[in-house]
Amino acid sequence: MSRWNRSHLLILSALVTVTLIAAAAVSLDRDTAASPASAPAAVEAVEASAVNWGLSFPAEGQPPVGNAAAEELAQYDAYYLGDTAQKVIYLTFDCGYENGCTEKILDALKKHRAPAAFFVVGHMIESAPDIVRRMAAEGHIVGNHTFHHPDMSSISDQSAFQQELDALAALYKETTGQDLSRFYRPPQGKYSVDNLKQAQALGYRTIFWSLAYVDWYADDQPTPEQAYAKLLPRIHDGAIVLLHSTSSTNADILDELLTKWEDMGYQFASLDQLP
């Protein structure tokens, strides 16, 4: 049974859309603006204060530098890279709302037998339950992107943090009859050490990303050529790729993109195969 009336859904849809756009602009800025000349040295430890996840790419075809080292993140069961010794890609999608693109994305994944992880919020489950059920039925991971998509780095209380994740997990269980996977992606890419510990205490693995591009503006989508220019040269072994399921470009090119990556020798793996 729906927890919100129609007016509440419309309001939340607008808020989630605005938040996702603003958040992605902040979180991916280092990715889109970085160049080999400006690439910073690897951060040796996870910062204690709240930070935005960011990347720089010192060399094409190589794993990027994150603003926290993979080894440091690992102590909190957090990842931004997978197995860098294998030509493997982990596909992930952030799903704040449904705008008609997700089923085409699912079709492409099914054609290539490629597993993916879909990080959903409460509004996505409420407004598109059949699509969420399809994700689960076709063997994809459905991950926790929180119920309301807040800035979780501003939540220091464990019970309040847990409430956001538990509410989403309960709604998913109610909708699909299945337990939600214990993978968590921080909204807006904002996090702190406390957040990583909070998620770990609840049995979650925190999933950042090592490749993304500007795909979130619904009214200003990149061309296929612009998308390929970002996603092909920067792909690397063990990449955790973040795409938005609201992108019409992603929906249109995903079949060909997966083919191009396969032609480069890559295979696709599920997050539950992370090392």
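All told, residue 246 meets the bar of being assigned to a loop (DSSP other than H, G, I, E, B), closer than 16 Å to residue 91 by Cα, modelled with pLDDT of 95 or more and not charged (D, E, K, R).
When residue 252 is tested against (1) under 16 Å from the mean Cα position of the chain (by Cα); (2) buried (at least 16 other Cβ atoms within 10 Å of the Cβ), exactly one condition is not met: (1). What do you reckon, is residue 159 modelled with pLDDT of 95 or more, among the small types (Gly, Ala, Ser) and in a helix (DSSP H, G or I)? In short, yes. When restricted to residues that are assigned to a helix (DSSP H, G or I), hydrophobic (A, V, I, L, M, F, W, C), under 27 Å from residue 107 (Cβ atoms) and under 19 Å from the mean Cα position of the chain (by Cα), region 124-156 contains 6.
For region 77-104, a residue qualifies if it is crowded, with 23+ Cβ neighbours inside 10 Å and in a helix (DSSP H, G or I), and exactly one does: 102. Looking only at residues in region 212-225 that are over 16 Å from residue 255 (Cα atoms) and without any contact (Cβ under 8 Å) to a residue 60 or more places away in the chain, the one that is surrounded by the fewest Cβ atoms within 10 Å (Cβ to Cβ) is 219.
State whether one or more residues within region 243-258 are under 30 Å from residue 72 (Cα atoms) and among the β-branched types (Val, Ile, Thr). Within region 243-258, not a single residue is under 30 Å from residue 72 (Cα atoms) and among the β-branched types (Val, Ile, Thr).
The values are calculated or read from the model by the stated rules, or taken from the named source; none is laboratory data. Owing to the predicted nature of the structure, the values given are computational and were not obtained by experimental measurement. For neighbour counting, all protein chains shown are included, and Cβ atoms are generated from backbone atoms with ideal geometry for every residue, glycine included.
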